[in-house]
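Before any comments, here is the structure.
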């Protein structure tokens, strides 16, 4: 039996879910920029109270580990690590792009043909995205990378495969990739802690835990601070 608290803060979405043996008991989320620090601990408390559970009944904390927003990742992972230290519970890390893929797979498998590739995209800046390519079954076939998207991006894969692009970085790529006959885009996809459920349960059962003291977010790129407007 497992009771897992799941945290997703890699994008503008701040989301927390509670899952028991792979079944989501409840979740809370808001898709709004720069609100993560304000609501995340409140969401955790409200979920546990509504489920009639106490913190020490949790078996592990799972967190979306990146890539994604530097600030969002710091907030989510700091919260997860703090809970793990305080409760003496294990930490489970799920790569954000992988969680996004399982969110699509588990939402509606009938809409994905066996030859369709899944391409989650997280907005970086300008025409750059954090992305990878997965099979319809969730196997990664193109590694995670920060890529600047142009008309030739994914050209080799698009020639022989249908690709579904989704995530908050996908819409800005529609203009340069959308004309290809094999490219399709899923609008309004929002990252959610619910998407961590399947992989978090697998890792818990296999005891694939992180070293809480040394674990860091998967930034993929160095953080570059913007100049404050005068």
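For residue 185, the criteria (1) assigned to a helix (DSSP H, G or I); (2) without any contact (Cβ under 8 Å) to a residue 60 or more places away in the chain; (3) in contact with a helix residue (DSSP H, G or I) (Cβ under 9 Å, 6 or more places away or on another chain) hold in every case but one, which is (1).
Restricting attention to the range 160-182, the residues that are free of Cβ contacts under 8 Å to residues at least 24 places away in the same chain, in a loop (DSSP other than H, G, I, E, B) and more than 27 Å from residue 69 (Cβ to Cβ) add up to 3.
Total residues in the range 12-27 satisfying the condition of being touching a strand residue (DSSP E or B) at 6+ places or on another chain (Cβ under 6 Å) and part of a loop (DSSP other than H, G, I, E, B): the figure is 1.
Of the residues making up the range 103-134, those that are outside any strand (DSSP E or B), within 17 Å of the chain's Cα centre (by Cα) and either surrounded by fewer than 21 Cβ atoms within 10 Å (Cβ to Cβ) or assigned by TED's automatic domain parsing to the domain that holds residue 9 (or both) number 4.
Does residue 52 satisfy the condition of being free of Cβ contacts under 8 Å to residues at least 60 places away in the same chain and either buried (at least 19 other Cβ atoms within 10 Å of the Cβ) or touching a strand residue (DSSP E or B) at 6+ places or on another chain (Cβ under 7 Å) (or both)? Answer is no for this residue. Based on this model, can you work out whether residue 37 counts as assigned to a helix (DSSP H, G or I) and either modelled with pLDDT of 95 or more or surrounded by 15 or more Cβ atoms within 10 Å (Cβ to Cβ) (or both)? Criteria met by residue 37. Of the residues making up the range 144-159, those that are in a helix (DSSP H, G or I) and exposed (fewer than 11 other Cβ atoms within 10 Å of the Cβ) are 156, 159. Exactly one residue out of 44, 24 is surrounded by fewer than 22 Cβ atoms within 10 Å (Cβ to Cβ), in the same structural domain as residue 196 (by TED's automatic domain parsing), at pLDDT 95 or above and closer than 28 Å to residue 137 by Cβ: that is 24.
The values are calculated or read from the model by the stated rules, or taken from the named source; none is laboratory data. Computed from a predicted structure; not experimentally measured. Ideal geometry is used to build each Cβ from the backbone, glycine not excepted, and the neighbour counts take in all protein chains shown.
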